[in-house]
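One structure below.
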Amino acid sequence: MPTPTTTTFLRVVIALQTLAVFAAPVTAGLLLTTPNGHVLHSASAYTVFVVAVVHVLAAVLAWRPGGGSPKAILYAAGFLTATSAQVALGIAHLTTLHIPLGVLMFGMSLLHLSRVLKKS
């Protein structure tokens, strides 16, 4: 049984992840409409990546010392992998893959957030 502290930390990180992934298309719109929009979109990409790394850390903490299920680690690692692919596709300007992957990531994050919040 995971501790309340690790469970709360994991929920907060997943909520931040969902918010960060939601902000990315907003900054993508700025990328297309303003001269310095690439700076904001790049910052949102770094934010999503950092939050994904913290999500892996939170999942490990919820599992090992917290006594939770290791399934959360698989989801967090998968999301970090998707985030890395998303960054690489964005740098390569492969928008035909970059945009659908971003939509998938948002949907997966929102679904995971709803599952984690439902358990409370």
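The values are calculated or read from the model by the stated rules, or taken from the named source; none is laboratory data. Remember, predicted model here, so these are calculated numbers, not experimental data. In this analysis, Cβ positions are derived from the backbone assuming ideal geometry, glycine residues included, and neighbour counts consider all displayed protein chains.
You will find that of 102, 67, the residue that is at positive phi and either buried (at least 18 other Cβ atoms within 10 Å of the Cβ) or in contact with a helix residue (DSSP H, G or I) (Cβ under 9 Å, 6 or more places away or on another chain) (or both) is 67 and no other. The single condition among (1) over 11 Å from the mean Cα position of the chain (by Cα); (2) within 16 Å of residue 7 (Cα to Cα); (3) touching a residue at least 12 places away in the same chain (Cβ under 8 Å); (4) surrounded by 12 or more Cβ atoms within 10 Å (Cβ to Cβ) that residue 85 does not meet is (2). Being assigned to a helix (DSSP H, G or I), farther than 20 Å from residue 75 by Cα and either under 11 Å from the mean Cα position of the chain (by Cα) or among the hydrophobic types (A, V, I, L, M, F, W, C) (or both) is the requirement here; does residue 15 meet it? So residue 15 does not fit the description; no.
Within segment 24-43, does at least one residue satisfy the condition of being part of a loop (DSSP other than H, G, I, E, B), modelled with pLDDT under 90 and hydroxyl-bearing (Ser, Thr, Tyr)? No, there is no match, as no residue in segment 24-43 is part of a loop (DSSP other than H, G, I, E, B), modelled with pLDDT under 90 and hydroxyl-bearing (Ser, Thr, Tyr).
I'd like to know if segment 28-51 contains one or more residues that are surrounded by fewer than 15 Cβ atoms within 10 Å (Cβ to Cβ) and under 21 Å from residue 111 (Cβ atoms). Scanning segment 28-51 turns up no residue that is surrounded by fewer than 15 Cβ atoms within 10 Å (Cβ to Cβ) and under 21 Å from residue 111 (Cβ atoms).
Take residue 10 and tell me if it is under 16 Å from the mean Cα position of the chain (by Cα), part of a helix (DSSP H, G or I), modelled with pLDDT under 95 and not small (Gly, Ala, Ser). In short, yes. Say we look at segment 44-95 and pick out the residues that are among the small types (Gly, Ala, Ser) and not in a helix (DSSP H, G or I); which of these is modelled with the highest pLDDT? Filtering segment 44-95 for residues that are among the small types (Gly, Ala, Ser) and not in a helix (DSSP H, G or I), the one modelled with the highest pLDDT comes out as 92.
Out of 118, 71, one residue alone is among the basic types (Lys, Arg) and under 18 Å from residue 52 (Cβ atoms). It is 71.
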